[in-house]
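Data block below; observations after.
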Amino acid sequence: MSVVIDPAYDPVPSLQRRVTVTVTAEPAAGRSAGAEATAVAVFVPAEGDLPAGAPDGLDRDALAAAGFTGKSGQTLALPGAQLRVLVGTGSAIETAAQLRDAVAAFTRAARESGSIAVDLEAVIGGGLDAELAGQAAVEGALLARYQYDALKSDAKTVQLDALTLAAAGAAAAVEEGARRGLILARTAELARDLGNTPPRHLSAVKFAQVIERLAPEFGLEAEVFDRARLIELGCGGLLGVNAGSTEEPRMVKLRYVPEGAGEDTPRLALVGKGIMYDSGGISLKPSNAMHAAMKLDMMGAAAVFASMTALRELGAPVAVTGWLMCTDNMPSGSATKLGDVLTIRGGTTVEVKNTDAEGRLVLADGLTLATEEDPRPDAVVDIATLTGAAMAALGTRTAAMLANDDSVAGQLQAAADSTDENIWRMPLDHRYRDQLKSDVADISNMGGQYGGAILAALFLNEFVDGLPWGHLDIAGTMQSERDDLWRSTGSTGFGARLLAEFATAFERPEASD
């Protein structure tokens, strides 16, 4: 049976959109630099005098009558020749995360405006670093306006064409921050595009083709491994998961080498789970909302690829190799069965006790290959939509992080804090390792009923060969069920900005010296 798919469909439509960001020393409100904008943000604290950008004659009593108190995230649109949107800030905007949220709230309130303006003067005067302010403002605006409507015949999203940032006395710093914000917002939008694309439109083969097309534009080298080459490499985990599918698997190896790299250049490996659609295999998932979201099971690979597209423009001084392990996981007469034993790259045998615990199988091949690189990486980080247990423990706004190295864990945490992509370190508790024992193989892919996120990480730890390693389980954070500040409905792109920041600031752990 053949299925007709629009051959003109582009899985990464956000790369075709352009937003002009202008930084000016003029105030954004009124007859000023923001006069050409159709909407202007006015940040209003919960107490004290109203800011200069508020319309004349407006007072606290009038705002209270309209239900606006200035609490964080609250908005009130005041119509006029130029729409002014009052944005509540609570006590004050003191962090980049708070500013990102406030600009996102404004952008959503001004959803019909293609040209918007934000005055950062008061925020910067309040102590927030000007460069961080510029970056956070751009990220908040662009990510809030993102909508996946590429397959709609009547898309109604008003595209954001122009953003004006006013910053008297700090324009140069804000401009540099805005430049970084554009790069990082693009990485998240790219990851979102890939995650939101329906699985029939983006198989492992098509994903690899997209990467091959885009990699040179961002200073990356891409090498694609088809089924025959994966057999030669002995990637039994990836091949075993793919066994039930009519679609071929693909492994994509990406390379970023900074200008002037030498023997002393730090080296980092990133490994991403790319299950393009996860039915659960023979261990079939129930037909519920989570099953319908399984086109997002490739968000680890999407985050690795998207993050690496930012490295050259961010001036990352680290050599980074990405390993994207891509296949779908389908039930059929040829699918891997419960009780089958797979041989991972390097020779470790794994008893498959649940075919829906497939992500760790493909990651095992990728982690092993990463450790075999010469010279070896100074650290390895994997990212995967891996376990429902992580979601049960931490919900949908915080990802699980486990690591065998405190330095790697600390650097991942710093990147998470910078991007407001929240992570929480869970214990890599080796007392649970016995649960992964197998009667017929070296290890099994499932443990007991509890501690699933920890058991999955312990399984992965078997394949890092003692290298400093961190693991991000993003199952809970992969999607948003509704528009929420700068997180738009659908794929969140979680991990793309985090990994880009992490790689750019990466320092070699002492354990690898």
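The values are calculated or read from the model by the stated rules, or taken from the named source; none is laboratory data. These numbers were taken from a predicted model, which means no experiment stands behind them. Note that we place each Cβ from the backbone using ideal geometry, even for glycine, and neighbour counts take in every protein chain shown. Accessible surface areas use protein heavy atoms only, side chains included; no ligands, DNA or RNA. Shrake-Rupley method; radii C 1.70, N 1.55, O 1.52, S 1.80 Å.
Evaluate the distance, in nm, between pseudo-label points positioned 7 Å from the Cα of ALA168 and of GLU248 along their respective Cα→Cβ axes.
Each label point lies 7 Å from its Cα, and together they span 6.3 nm.
Please go through the residue pairs LYS156/LYS206; LYS353/LYS437; LYS152/LYS285 and name each one whose alpha carbons sit more than 21 Å apart in this structure. Spell out each step's value before the answer.
Details: LYS156/LYS206 28 Å; LYS353/LYS437 11 Å; LYS152/LYS285 28 Å.
Flagged as over cut-off: LYS156/LYS206; LYS152/LYS285.
Which cross-chain or sequence-distant (5 or more) residues have an amide H under 5 Å from the amide H of VAL271, H modelled 1.01 Å from N in plane?
TRP323, VAL381, ASP382, ILE383
Mind putting together the pair-distance distribution for segment 292-331? All Cα pairs, 10 Å bins, whole percent per bin, short to long.
Result returned by the calculation: 24, 43, 22, 9, 1.
At a threshold of 8 angstrom on Cα-Cα distance, excluding pairs fewer than six apart, so keeping six or more, what relative contact order does the chain reach in percent?
Relative contact order of the chain: 15 percent.
What do you get for GluC sites (Glu not before Pro) in segment 370-472 restricted to DSSP loop and a cutoff of at most 15 other Cβ within 10 Å of the site's Cβ?
GLU372, GLU373
Based on the mean of other Cβ atoms within 10 Å per residue, sort peptides 36-46, 304-314 so the most packed one is first.
Details: 36-46: 22.0, 304-314: 26.1.
Taking the mean over residues of other Cβ atoms within 10 Å, the ranking is 304-314, 36-46.
Separation between the ASP59 and ARG425 pseudo-spin-labels, each 7 Å from Cα along Cα→Cβ, expressed in nm?
Using points 7 Å along Cα→Cβ, the separation is 5.3 nm.
Please turn the phi angles of segment 344-357 into ³J(HN,Hα) values with the Karplus equation 6.51 cos²θ - 1.76 cosθ + 1.60 (θ = phi - 60°), one per residue in order, whole Hz, x for glycine and proline.
Residue by residue, segment 344-357 yields 6, 3, x, x, 5, 9, 10, 7, 8, 9, 7, 6, 8, 9 Hz.
Within segment 422-463, what residues put their amide N at less than 20 Å from the label point 7 Å along the Cα-to-Cβ vector of VAL341?
434-447, 459-460, 462-463
How big is the shadow of the Cα convex hull of segment 404-485, averaged over all directions, in nm²? Mind showing how you got there, number by number?
On the way: hull surface 28.2 nm².
Computing the convex hull of the Cα atoms and averaging its projections yields 7.0 nm².
May I ask you to order 344-356, 144-156, 272-284 by the average number of other C-beta atoms within 10 Å around their residues, highest value first?
Final packing ranking: 272-284, 344-356, 144-156.
What is the spin-label model distance, in nm, from ARG111 to THR69 if the labels are put 7 Å beyond Cα along the C-beta direction?
Here the modelled spin labels are 2.5 nm apart.
Could you work out how much longer the chain between GLU510 and SER287 gets when fully extended? Use 0.36 nm per residue separation minus the Cα distance between them, nm to one decimal.
So the chain would gain 75.6 nm between GLU510 and SER287.
When the accessible area of segment 377-513 is split by element with a 1.4 Å probe, what percent falls to carbon and sulfur?
On segment 377-513, the fraction of accessible area on carbon and sulfur atoms equals 46 percent.
How large, in percent, is the carbon and sulfur part of the accessible surface of segment 244-348 at a probe radius of 1.4 Å?
49 percent
Within 10 Å, count the other beta carbons around each residue, average over each peptide in 238-249, 359-370, 48-59, and list them highest first. Working shown, then result.
Values: 238-249: 22.3, 359-370: 28.3, 48-59: 13.2.
Highest to lowest by the protection proxy: 359-370, 238-249, 48-59.
Please calculate how many Å² of accessible area the chain carries per residue, with a 1.4 Å probe and no DNA, RNA or ligand atoms counted.
Accessible area per residue: 40 Å².
For helix 452-461, report the angle its Cα long axis makes with the longest principal axis of the Cα atoms of the chain; keep it between 0 and 90° and round to the nearest 10°.
In the chain, helix 452-461 runs at an angle near 60 degrees to the longest axis.
Calculate, in nm to one decimal, what ASP154 and THR20 gain on full extension: separation in residues at 0.36 nm each, minus their alpha carbon distance. Walk me through the intermediate numbers first.
Values: separation 134, 0.36 × 134 = 48.24 nm, distance 2.48 nm.
In short, 45.8 nm is gained.
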